[in-house]
Amino acid sequence: MNIEFKLADKGDVKRLIEVQSKSFYEDYIKYGECPSYNEPEDRMLGLIENVIVYKILKDNEIIGDIIISKKEDNKYFLRTFSVIPECQNLGIGQKALKYIDEVYKDATEWSLITPFKSYRNHHLYEKMGFVKYGEYVHSDVLIMFQYRKQK
């Protein structure tokens, strides 16, 4: 299994939307909403043009993405991190988080949000050094946990 991380370009828009929708379908069904489910094409294109978007490739096929926003003082926000269900539990998430840590050596902090019932996400993030520091009500049915990793 060959895993690579490459910057996305506008030719990847449709596939990245497919991948995110597949990855977040379970959350969408569970909560009736999910911010990264079925992302509009213009929004995905805007992300590719304005923030950092990586495609995760397994044997040259896009199977996930990482979307990062750089904040002030070398703090980074992991906006979206997805891997399609059939490629989960293969260590790809750990590889992805290690990869961005290596590439963004200037990062003093990483932060992210994830749904309160996404237990596998919580496990992965905590295993990789993230600590839950807060939560907020996103809607009537969705509470988001806030995680960060300081270096």
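Here is how the numbers come out for the structure above:
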quantity	calculated
Any hit, segment 61-76, residues being touching a helix residue (DSSP H, G or I) at 6+ places or on another chain (Cβ under 9 Å), among the aromatic types (Phe, Trp, Tyr), more than 19 Å from residue 147 (Cβ to Cβ) and touching a residue at least 12 places away in the same chain (Cβ under 8 Å)	no
Some residue of segment 2-14 being open to solvent by 70 Å² or more (accessible area, probe 1.4 Å) and part of a loop (DSSP other than H, G, I, E, B)	yes
Any hit, segment 32-43, residues being farther than 21 Å from residue 103 by Cβ, free of Cβ contacts under 8 Å to residues at least 24 places away in the same chain, of a type in the set (Lys, Arg) and out of contact with any helix residue (DSSP H, G or I) (no Cβ under 8 Å at 6 or more places or on another chain)	yes
Selection within segment 1-37 - out of contact with any Pro (no Cβ under 8 Å at 6 or more places or on another chain), polar (S, T, N, Q) and either under 13 Å from residue 62 (Cα atoms) or at pLDDT 90 or above (or both)	2, 20, 21
Count - residues of segment 1-28 that are of a type in the set (Val, Ile, Thr) and within 14 Å of the chain's Cα centre (by Cα)	2
Some residue of segment 34-47 being surrounded by fewer than 19 Cβ atoms within 10 Å (Cβ to Cβ) and in contact with a Leu (Cβ under 7 Å, 6 or more places away or on another chain)	no
Only listed residue being modelled with pLDDT of 95 or more and at positive phi, chosen from 50, 89, 74	74
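Let's see how each residue does on (1) without any contact (Cβ under 8 Å) to a residue 40 or more places away in the chain; (2) within 23 Å of residue 124 (Cβ to Cβ):
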| residue | (1), (2) |
| --- | --- |
| 11 | yes, no |
| 29 | yes, yes |
| 45 | yes, no |
| 56 | no, yes |
| 59 | no, yes |
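The values are calculated or read from the model by the stated rules, or taken from the named source; none is laboratory data. Note that the structure is predicted; figures quoted are calculated from it, not measured. Ideal geometry is used to build each Cβ from the backbone, glycine not excepted, and the neighbour counts take in all protein chains shown. Surface areas here come from the heavy atoms of the whole protein model, side chains and all, with no ligands, DNA or RNA. Shrake-Rupley method; radii C 1.70, N 1.55, O 1.52, S 1.80 Å.
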